[in-house]
Amino acid sequence: NGQSVFRFQADYEGTLKTQIDGNGILTLGSIPYQQWTHVGSTFDGQYIRHYINGVLAGSLDLGPDAQLPLSSSDLTIGQLHMSNGHWYLFSGRLEDVGYYDRALSDEEVLCIALGATPISGCTDPTACNYDSSATADNGSCEYGCLYCGEGTAWDSTLAQCISIADTIYIEPIACAPSCGEGTIWDPVNEECIIAVPTDTDFDGCVTAGDVLNLLATFGTCPPIPEWPDTDTTWACGDPVTYWDYDYATVLIGDQCWFAENLRTSLYANGDPIPAGLTDAEWASANDGAFAVYGEGNSTCTQYHPDIDPCDDLQSLTLHGRLYNWYAVDDSRGLCPPSWHVPEDVEWTSLQDFISLLGFTGNEGTVLKSTSGWSGGGNGTNDVGFSAYSGGYREDISGSFKSAGSYGYFWSSSPEGGNVWYRRLVASNSGMDRFLEDKPHGFSVRCIKD
């Protein structure tokens, strides 16, 4: 019934996974690439709990009175494992590893994650070293990440520093700095805030002085601020809902991408995107339009090993829609707010990042999905981009071509009368960069602003 905590930096994106033989597998969110990450795990005889940077990320119930098997593999960090036909080892750096003879509380894990340093010889059971065998009594105990003033301690119930003389027993501390009089610690925003909003003089009480301060500013109207994004719960990797469809997202390096092709039939402002164009209408269009591969009576060729993309319903389900570049360039926006069609340089950054991971010349293989490509040309999808072979709609004839063997993706960067785009090929492990005419119908991926 112990707990291990360690801090490491991964060389590429990964996931935190615990496997308990015969009981189940607990898989949590991704570990950031090239960032120091604190990971903690506890077992209290029933639950295994995982913490990422001090915050509970998930738990696995093994049942009452469970016993972990005792073997040389009880705790492994980056154990050799198989994924997509490849063996993977841990790749990164470890800074600290600690092991405790009991399951620590949520507050204790948070305290360590925020940088508490064990104090040698500290006897205070609520101090951040949690060493029950310490014997020194020199009064030098410190709380590491907790800075309540002399003669005070953190009260987790009241969420504030209180005098030690006010209570016989102090609850186990939660890590927080000492806040001034009339203020308390906000663990979400990690700052001291006013305990009572109407306490304008911060003395801990609402009195006549607060009323006078309010009257002195009555009628004052400051300028409306630029409000920040208030959605603090969304993170890359969570789905994005756009016109009643949930798009998967993936963090690759420092870029957040859609992990599937765009399929919207509406611009971001709600205006419909023209659709159902005949071959002649598609070839002559100068405004935005979309098509679904295989729709209508247009000529359709396909090489797909898994579906019939000339069936427009099957094609829409797997590949999304194809857009001409006029839709990409429309001021009403093709992607959701705070997202956009990637510029040519952003596609280049993606390719450069994959090369840094050691896949130079094999960027296409890394980006391609593990199914849906003809002739054994499936990818490994190592970074979760999941590129499918959606083919394209030709600009002059309006016919649908190459589903199963090619995937085409617009950029938002024109040059002369053409536009840069990226191409993935079943028979090629790389990623091609070409210029093409604007009336072509290609797939679109969105990237976060």
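Observations, loosely collected:
- Positions within the range 232-266 being within 24 Å of Gly441 (Cα to Cα) and in contact with a helix residue (DSSP H, G or I) (Cβ under 8 Å, 6 or more places away or on another chain), in sequence order: Trp257, Asn261, Arg263
- Residue within the range 294-308 that is of a type in the set (Val, Ile, Thr) and within 21 Å of Lys368 (Cβ to Cβ) present: yes
- The criterion of being modelled with pLDDT under 95, more than 35 Å from the chain's Cα centre (by Cα) and under 17 Å from Phe400 (Cα atoms) does not hold for Gly219.
- Screening Ser427, Ser443 for residues that are open to solvent by less than 40 Å² (accessible area, probe 1.4 Å), in contact (Cβ under 8 Å) with a residue 40 or more places away in the chain and polar (S, T, N, Q) leaves exactly one candidate, Ser443.
- Matching residues, the range 261-280, being open to solvent by 40 Å² or more (accessible area, probe 1.4 Å), of a type outside the set (Gly, Ala, Ser) and in contact (Cβ under 8 Å) with a residue 60 or more places away in the chain: Asn269, Asp271, Thr278, Asp279
- Taking the conditions (1) more than 24 Å from Thr249 (Cβ to Cβ); (2) open to solvent by 20 Å² or more (accessible area, probe 1.4 Å); (3) out of contact with any helix residue (DSSP H, G or I) (no Cβ under 8 Å at 6 or more places or on another chain) in turn, Ile396 satisfies each one other than (3).
- Among residues of the range 13-59, those that are surrounded by fewer than 19 Cβ atoms within 10 Å (Cβ to Cβ), at pLDDT 80 or above, more than 22 Å from the chain's Cα centre (by Cα) and in a strand (DSSP E or B), counted: 1
- Complete set of residues in the range 376-393 that are among the small types (Gly, Ala, Ser), open to solvent by 20 Å² or more (accessible area, probe 1.4 Å) and outside any loop (DSSP other than H, G, I, E, B): Gly376
- Top-ranked residue of the range 238-277 - restricted to ones that are aromatic (Phe, Trp, Tyr) and touching a Lys or Arg at 6+ places or on another chain (Cβ under 8 Å), ranked as farthest from Val328 (Cα to Cα): Tyr245
- Residue in the range 394-407 that is touching a Gly at 6+ places or on another chain (Cβ under 6 Å) and in a loop (DSSP other than H, G, I, E, B) present: no
- Close pairs (9 angstrom Cβ cut-off, 6 or more residues apart or separate chains): closer than 23 Å to Cys236 by Cα in the range 33-59, among the acidic types (Asp, Glu) and buried (at least 19 other Cβ atoms within 10 Å of the Cβ) anywhere: Tyr33/Glu13
- Taken over the range 317-340, the residue count meeting the criterion of being closer than 18 Å to Ala275 by Cβ, open to solvent by 40 Å² or more (accessible area, probe 1.4 Å) and of a type outside the set (Val, Ile, Thr) is 4.
- Among the residues of the range 292-350, those that are in a helix (DSSP H, G or I) and of a type in the set (Ser, Thr, Tyr) comprise Ser315, Thr317, Tyr326, Thr348, Ser349.
- Flag if Glu343 is surrounded by fewer than 18 Cβ atoms within 10 Å (Cβ to Cβ), closer than 16 Å to Val444 by Cα and modelled with pLDDT of 95 or more: yes
- Annotation for the range 238-246: at least one member residue is within 26 Å of Gly372 (Cα to Cα), out of contact with any Phe, Trp or Tyr (no Cβ under 7 Å at 6 or more places or on another chain) and open to solvent by less than 50 Å² (accessible area, probe 1.4 Å).
The values are calculated or read from the model by the stated rules, or taken from the named source; none is laboratory data. None of the values given here were measured: they were computed from a predicted structure. Positions of Cβ are generated from backbone atoms using ideal geometry, with glycine treated the same way; all protein chains shown enter the neighbour counts. Surface accessibility is based on the protein's heavy atoms, side chains included, excluding ligands, DNA and RNA. Shrake-Rupley method; radii C 1.70, N 1.55, O 1.52, S 1.80 Å.
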